[in-house]
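Remarks on the structure that follows.
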Amino acid sequence: MGIGRPSLRLLAVLLTAALPPLVAFGLLTLAEPTWMERVGSLLSVLIVAGAGLLWIALIAVVAARPMANDTRSIVALAERGMASTGDGLSSAQRRLAMTLEDRNRQISDLADLIRVAPISKDATAVAHAMVAGARQVTGDPTWLLAILRVPETRDLEPGVYGPNVESAPGTLDEVHRWAATAEGRGPSPRDARLVAGPWGAFTIVDVAAGDELRAILLAPWEGRPDPSPAELNLFGLIGQHAATALEHALLYTRLRVQTEELNRMAAVQTDFLRGITHDLQTPLTSIRAVASELQQSKGIDNTARADLETIAQQADRLRRMVGQLLAVSRLEVGALTPVQEVFRAAPVVRRTWDALRAADHRLVVEEEGPAHLVVADPDRLEQVLWALMDNAVKYSPAGSTIEVHLGLINAGVGDRASEIAIRDHGVGMDPTTRANAFEQFFRSDDARRLVPDGSGIGLYAARGLVVAMGGGISIESEPKEGTTVRLTLPAETTDEEAIGSWADTSASTT
């Protein structure tokens, strides 16, 4: 053992500072020199004490630099887990430094393991990754993961997993079931413990999430020193992370399967809608054509003519509903591309109202603001207006007025947009209905009560068509106060004379 070590250095400083003054004082006292008699006992003691203090101060000054170096090394050891070069620390202090460095490395490895956990992969890959991570963090190549119970065996098979992804899980046996329930020897955390039994000593780490996921990390520990409390706490952290990663991977797998199934069902539904709408278009067109032809025949009495008018009207209504279904199917597969034309909105509004044949309601159209033209697909706009005005008629009392306001609004810096606001004085919507009104197949309880045979796709298709034309749609409504639906579409401004020259010749074909 060299004198350079801090503990021996401190002992040498203390002996050098204390022994010489004590020895000198003892010799002077025993010798009883005559000078002490001349100056007196009290003054002699003060002289000897002062000399001793000067000696101690001199030793302190000489030893200050080595002691400061020791202090700096210990501070560096506490802060970074390492000592300064040439620090002269003892073997115990160096072991402490190495332990701190190892703990810092383990914490860093654990943080990396948490950051790169492959929870987006299947749960089996995550199980193998957790074993590899436990071995990397602890530096122990004997860790294994025993999966005892899982929610769905198709997602993660019970068994014993190692770090190799390509290897199949091993078979669970009695040692794994015993280890999962064995109590630790001595005081230790419940989730990480050292157990001993017929199969030897093992360190066991619980990996559990709820009642559905039950597993353990285990490593043989026969002949090794017992893990320290710090090591057991580290193992417990690894087990908690493994449980979280496995639980998230199982949830991710379950959600992925459900999403794939929902996508498959949505594809089937879209194919069905597309097929059925095409199959219905032709017979409805034929029914409408035959009814119109019979109306023109001679010898038809008024009752039959009224019945033919009803047939033609309902055929038109069915044809438009089929058009909505067809638009929905095309929107969902991205196959609908509206044309871009410039036209007046008012004639399209009136033509759509005429097609509704809503004799028990009155329409009021008001054009406000500067003259302008709408930039959109007139056929698709007529389809949207038909759905909105049809709803306004169905959910407002007979004899009430449906108001349509046409105007030009600001749509941003230097941009203008055409607004079409359709207002009724009907039952209105509560906040929940208003928030879900544009959802496919959504119908409120009031809607089902008032119009039992509705489809729930009118507003959904209307929003899709308006957005496809570069516009927007919104609803303002309160219960028993009516509803206002606002459409905004791109617009071009021009003067009144130019507006009047635009003849609206478009006709809906859907």
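General observations
- Filtered residue count, the range 410-434, keeping only those that are on the phi < 0 side of the Ramachandran plot and either open to solvent by less than 50 Å² (accessible area, probe 1.4 Å) or modelled with pLDDT under 90 (or both): 15
- Counted residues, the range 249-307 - those being within 24 Å of the chain's Cα centre (by Cα) and of a type in the set (Gly, Ala, Ser): 2
- Test: residue in the range 501-509 that is under 17 Å from Leu408 (Cβ atoms), modelled with pLDDT under 95 and more than 32 Å from the chain's Cα centre (by Cα): yes
- Residue match in the range 241-264 (condition: farther than 30 Å from Lys121 by Cα, of a type in the set (Ser, Thr, Tyr) and either out of contact with any Pro (no Cβ under 8 Å at 6 or more places or on another chain) or surrounded by fewer than 16 Cβ atoms within 10 Å (Cβ to Cβ) (or both)): no
- Residue within the range 464-475 that is open to solvent by less than 20 Å² (accessible area, probe 1.4 Å), of a type outside the set (Val, Ile, Thr), farther than 24 Å from Arg317 by Cβ and in contact (Cβ under 8 Å) with a residue 40 or more places away in the chain present: no
- Given (1) open to solvent by 70 Å² or more (accessible area, probe 1.4 Å); (2) part of a helix (DSSP H, G or I), index of the condition Thr270 fails: (1)
- Selected residue (only one of Glu222, Glu174 is among the charged types (D, E, K, R), within 23 Å of Ala127 (Cβ to Cβ), more than 34 Å from the chain's Cα centre (by Cα) and loosely packed, with under 13 Cβ neighbours inside 10 Å): Glu174
Here is a yes/no grid of residues against (1) more than 12 Å from Val485 (Cβ to Cβ); (2) not in a strand (DSSP E or B):
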site	(1), (2)
His405	no, no
Leu408	yes, no
Ala411	yes, no
Ala417	yes, no
Ile422	no, no
Met429	no, yes
Ala435	yes, yes
Glu439	yes, yes
Arg443	yes, yes
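- Residue pairs meeting the criteria (Cβ under 8 Å; at least 6 apart or on separate chains; first among the polar types (S, T, N, Q), in the range 361-389; second outside any helix (DSSP H, G or I) and surrounded by fewer than 22 Cβ atoms within 10 Å (Cβ to Cβ)): Gln383/Ser508; Gln383/Thr510
The values are calculated or read from the model by the stated rules, or taken from the named source; none is laboratory data. What you are looking at is a predicted structure, and each value in this text was computed from that prediction instead of being measured. All Cβ positions, glycine included, derive from the backbone under ideal geometry; neighbour counts span all protein chains shown. Ligands, DNA and RNA are stripped out before the accessible areas are found, and what is left, the full protein with its side chains, is counted by its heavy atoms. Shrake-Rupley method; radii C 1.70, N 1.55, O 1.52, S 1.80 Å.
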